[in-house]
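Nothing in this text is a laboratory measurement; each read-out follows from the coordinates by a stated rule. Everything numeric here is computed off the predicted structure, so don't read it as measured data. Here Cβ is always computed from backbone atoms with ideal geometry, including for glycine, and neighbour counts include all displayed protein chains.
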Amino acid sequence: MKLRDSAVSGCSAALTVLRMMLRRHGWLLSLAPVSSVFHSESPGSPGAGWHRPVLRGRDTAGVGHNGTMPLARVGSLSALPPGEVMHVDAGASSYAICNVDGEIHALDGFCPHAGGPLGQGALHGSILVCPWHAWEYDCRTGTCAFNDEVRVEKFGVRIEGDDILIEIP
């Protein structure tokens, strides 16, 4: 079992690095659910619910004529009180939007550990906790609380009136 856990952890880290590298060049990689990894596993077994990578293609919609990153409206300040986090889908990507004492932060919506939906997690101060395996990330920096080398990608945020806008690649 330890060998399998180690292999899964290594695959997860490799997928995270691959997603970050592709995103820098405008490609989108998401994790699609897989009903089971092995045919003999039932939906409630340990391998069920794993994810496989899916390359969705190059995202160029909304890129300005001067090459700047486009802004996407992802919600309103009035709908995101301090101490709360929300899950947002914008284009082909998902984001976790955090309100830390009135300061808004936008992170990649998937946990690098196992692809959990960070926007459905809990916010404790500036620490965002993944709902799947309780991995913790500082939403101000994107850094994992357990390992400084593991990071969640951050995105620029702009507030215009009550609108929360994020820079999307």
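Laid out as a table, the results:
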item	result
Solution diffusion estimate, µm²/s, Stokes-Einstein, the range 89-157, Kirkwood Rh from C-alpha pairs, 4 °C, viscosity 1.567 mPa s	112
Where chymotrypsin sites (Phe, Trp or Tyr not before Pro) fall in DSSP loop in the range 84-155, at most 14 other Cβ within 10 Å	F146
